[in-house]
């Protein structure tokens, strides 16, 4: 039996349910699944916890969902890139959990790898380690960090093959391969879907077992900003 | 040359060829302008080893540095995901991190991620870099915009790490962390010791060599 993972954004996005925890790839808008986020703005799931390095930018990417009041909580490392986040946070409309970027990345990797937590030296002795368990290992103090997992991950890759193997483009890779490993259901948005066998096994970054659905991108980031793609 | 450019150039002079360097946002980004691009390997935490500057016509919106500025890729560059990138940082594989700061204090502590009274909503890779890079160089203006010293007795802003910064470079002077305190090892341009003293509340020692030179 051939499993067909190729889907349409508007259909597959209904996998996201109210109250879900969602991982969304991207460093700002670079490597952000803009087409899937757009589809989510037209779907009614609310009360979402978003695990993403940033909440997009003001009115762009995940910033659209913030404006629609669809987010309950954001977990990430740098919310300053969307100046509207502070306002929602101050008015008590959005919870925030701030993690150092390396801890954030590693927590997602741990979540995907079945690791129950890890000790890191990052943030020891700072406000971001307040209340967290510490441990002395070989004379150095480490802080315990828990894994991050999600119900659904929206990731952005460059190309997929029909099996769901993924390769990435330049610095648009960022958190995407990690998030593809750490959610129950993984949707990959790509610029191009090729027949299986057309990606070299050596170049595949995300093997197909992580990927549940593939959609073709419609919205892309260009020098002129976010635009509809000519197909 | 502006004072920021002078600071960046001085930071570049501290670097050993063929080292792996991570540049922060602001003055640190300018350091790249004073490096022989074939002799240094620039790492950016969003997932590239081999950052180069890029001409405006070659800008690729999906190729950026940690400050989300467009960059280019060097020959022999590599891309990797964020967890690998921070493994390089925390794992001690980055030789030098050059970072900005809001405050640096007498004990070598750096505060560069949060301002008290303002919302603490961004940290990025600052804490990982301070913990993991083999050497930390801080480049900053000597005083804040309101004229208050940034090189202070004890940080009043939240610290980024409990690890000391090895070198502090401002438009007035260069300070090196030696034997548990900062030593002023070099005056920038026509600065004199009194200028530094008047704009600093931190404790520091003036190096013997510098005192000798000025006798």
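Could you list, in sequence order, the residues of segment A:74-102 that are more than 10 Å from chain B (Cβ to nearest Cβ) and under 19 Å from residue A:155 (Cα atoms)? Of everything in segment A:74-102, just one residue is more than 10 Å from chain B (Cβ to nearest Cβ) and under 19 Å from residue A:155 (Cα atoms), namely A:75. For segment A:103-124, the condition of being free of Cβ contacts under 8 Å to residues at least 24 places away in the same chain, part of a helix (DSSP H, G or I), more than 20 Å from the chain's Cα centre (by Cα) and facing chain B (nearest Cβ under 8 Å) holds for none of the residues. Among the residues of segment B:137-146, are any surrounded by fewer than 19 Cβ atoms within 10 Å (Cβ to Cβ) and over 26 Å from residue B:5 (Cβ atoms)? No, because not a single residue in segment B:137-146 is surrounded by fewer than 19 Cβ atoms within 10 Å (Cβ to Cβ) and over 26 Å from residue B:5 (Cβ atoms). The one condition from (1) touching a residue at least 12 places away in the same chain (Cβ under 8 Å); (2) within 13 Å of another protein chain (Cβ to nearest Cβ) that residue A:44 does not meet is (2). Consider segment A:142-156 and keep the residues that are within 14 Å of another protein chain (Cβ to nearest Cβ) and touching a residue at least 60 places away in the same chain (Cβ under 8 Å). The one that is surrounded by the most Cβ atoms within 10 Å (Cβ to Cβ) is A:156.
Based on what the data block shows, is residue A:61 free of Cβ contacts under 8 Å to residues at least 60 places away in the same chain, crowded, with 18+ Cβ neighbours inside 10 Å, within 14 Å of chain B (Cβ to nearest Cβ) and at positive phi? In short, no.
Any residue at all in segment A:158-177 that's in contact with a helix residue (DSSP H, G or I) (Cβ under 6 Å, 6 or more places away or on another chain), at negative phi and within 13 Å of chain B (Cβ to nearest Cβ)? There is at least one residue in segment A:158-177 that is in contact with a helix residue (DSSP H, G or I) (Cβ under 6 Å, 6 or more places away or on another chain), at negative phi and within 13 Å of chain B (Cβ to nearest Cβ).
Going through B:25, B:7 one at a time, which residue ends up being in contact (Cβ under 8 Å) with a residue 12 or more places away in the chain and touching a strand residue (DSSP E or B) at 6+ places or on another chain (Cβ under 6 Å)? Full working, then the answer.
Working: B:25 fails: touching a strand residue (DSSP E or B) at 6+ places or on another chain (Cβ under 6 Å).
Going through B:25, B:7 in turn, just one is in contact (Cβ under 8 Å) with a residue 12 or more places away in the chain and touching a strand residue (DSSP E or B) at 6+ places or on another chain (Cβ under 6 Å): B:7.
All conditions but one from (1) more than 8 Å from chain A (Cβ to nearest Cβ); (2) modelled with pLDDT of 95 or more apply to residue B:81; the one that does not is (1). When segment B:41-71 is limited to residues that are more than 10 Å from chain A (Cβ to nearest Cβ) and touching a strand residue (DSSP E or B) at 6+ places or on another chain (Cβ under 6 Å), the one that is surrounded by the most Cβ atoms within 10 Å (Cβ to Cβ) turns out to be B:43.
Scan segment A:157-173 and tell me whether some residue there is assigned to a helix (DSSP H, G or I), farther than 16 Å from residue A:51 by Cβ and free of Cβ contacts under 8 Å to residues at least 24 places away in the same chain. There is at least one residue in segment A:157-173 that is assigned to a helix (DSSP H, G or I), farther than 16 Å from residue A:51 by Cβ and free of Cβ contacts under 8 Å to residues at least 24 places away in the same chain. Taking every residue in segment B:182-206 that is at positive phi and pairing it with any residue that is not in a helix (DSSP H, G or I), at least 6 positions away or on another chain, the pairs with Cβ-Cβ distances below 9 Å are B:189/B:171; B:189/B:172. Going through segment B:109-120 one residue at a time, which ones are assigned to a loop (DSSP other than H, G, I, E, B), at the interface with another protein chain (Cβ under 10 Å from one of its Cβ atoms) and buried (at least 22 other Cβ atoms within 10 Å of the Cβ)? Selection gives B:109, B:113, B:114.
Among the criteria (1) buried (at least 17 other Cβ atoms within 10 Å of the Cβ); (2) under 25 Å from residue B:95 (Cβ atoms), the one residue B:134 does not fulfil is (1). Scanning segment B:156-185 for residues that are closer than 26 Å to residue B:94 by Cα, within 14 Å of chain A (Cβ to nearest Cβ) and surrounded by 19 or more Cβ atoms within 10 Å (Cβ to Cβ) yields B:159, B:160, B:161, B:163. Of all residues in segment B:122-155, exactly one satisfies the criterion of being at positive phi and more than 14 Å from every other protein chain (Cβ to nearest Cβ), namely B:147.
Scanning segment A:182-231 for residues that are within 14 Å of another protein chain (Cβ to nearest Cβ) and within 14 Å of residue A:23 (Cβ to Cβ) yields A:182, A:189, A:206, A:210.
The values are calculated or read from the model by the stated rules, or taken from the named source; none is laboratory data. Note that the structure is predicted; figures quoted are calculated from it, not measured. With ideal geometry, Cβ positions are generated from the backbone for all residues, glycine too; neighbour counts draw on all protein chains shown.
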